[in-house]
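The values are calculated or read from the model by the stated rules, or taken from the named source; none is laboratory data. What you see is a predicted model, and the numbers here were worked out from it, not measured in a lab. Virtual Cβ from ideal backbone geometry, glycine too; neighbours counted across all protein chains shown.
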Amino acid sequence: MSVPESDILIKSLRSTECPMCGSAKRMAQTMCPGCYRKLSPETKQDLYRRIGNGYEAAVEKAMAELGVAEFKNPPDRARPPSTRPTKCEDVVMPFGKHQGKRLGDLLDEDPSYLDWLQTADISSAMLARAVAEMNEKYEGQIEQAIELKRSER
């Protein structure tokens, strides 16, 4: 019985597959509920230790109690690409008359709406940050665009 290196343990904690039996488990948990229930109270407590501070020994103890000879390496899975926008201009309005439009498009279409958003009570932290960033980044341009739109009327 060999305890895996800490990088394998971390990978296992990020996995949804039990390294003891291969069943489904939650991320951030060492093993599935079925394996966990079979452990002694002392081992269960030890599994709450940090990696590098007794966790490895607790995993080895759990393997012995469960009669597991080999720790199953979690499968390599590429992390899906983030769906979050990387630029404030790419953040999409989730509500209102411009729902579904990018903030960057509003700069040309309705700059006064961007100006209004600055004072609006926005519950989405990501949208609030993006609006603040847009107003900082395009500070003078928003006012100029508003004046230009007014003069076109």
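Going through (1) without any contact (Cβ under 8 Å) to a residue 12 or more places away in the chain; (2) within 18 Å of residue 10 (Cα to Cα) one by one, residue 32 falls short only on (1).
Within region 77-86, none of the residues are at pLDDT 90 or above, over 30 Å from residue 104 (Cβ atoms) and either among the aliphatic types (A, V, I, L, M) or outside any helix (DSSP H, G or I) (or both). Taking the criterion of being under 27 Å from the mean Cα position of the chain (by Cα), free of Cβ contacts under 8 Å to residues at least 12 places away in the same chain and surrounded by 13 or more Cβ atoms within 10 Å (Cβ to Cβ), the only residue of region 38-49 that qualifies is 49. Just to be sure, is residue 55 modelled with pLDDT of 85 or more, hydroxyl-bearing (Ser, Thr, Tyr) and loosely packed, with under 15 Cβ neighbours inside 10 Å? Here the answer is no, as residue 55 does not meet what is asked. Among the residues in region 143-150, are any basic (Lys, Arg) and either modelled with pLDDT under 85 or assigned to a loop (DSSP other than H, G, I, E, B) (or both)? Yes, some residue in region 143-150 is basic (Lys, Arg) and either modelled with pLDDT under 85 or assigned to a loop (DSSP other than H, G, I, E, B) (or both).
In region 101-129, the residues that are in contact (Cβ under 8 Å) with a residue 40 or more places away in the chain form Cβ pairs under 8 Å with partners that are of a type outside the set (Phe, Trp, Tyr) and outside any helix (DSSP H, G or I), at six or more places apart or across chains, as follows: 126/84; 126/91.
Could we say that residue 67 is surrounded by 11 or more Cβ atoms within 10 Å (Cβ to Cβ), of a type outside the set (Val, Ile, Thr) and at pLDDT 90 or above here? It is false that residue 67 is surrounded by 11 or more Cβ atoms within 10 Å (Cβ to Cβ), of a type outside the set (Val, Ile, Thr) and at pLDDT 90 or above. Just the residues that are in a loop (DSSP other than H, G, I, E, B), modelled with pLDDT of 85 or more and surrounded by 13 or more Cβ atoms within 10 Å (Cβ to Cβ), please, taken from region 1-22. Correct list: 15, 16, 18, 19, 20, 21. Scanning region 23-37 for residues being surrounded by fewer than 18 Cβ atoms within 10 Å (Cβ to Cβ) and either among the small types (Gly, Ala, Ser) or farther than 19 Å from residue 49 by Cβ (or both) gives a total of 6.
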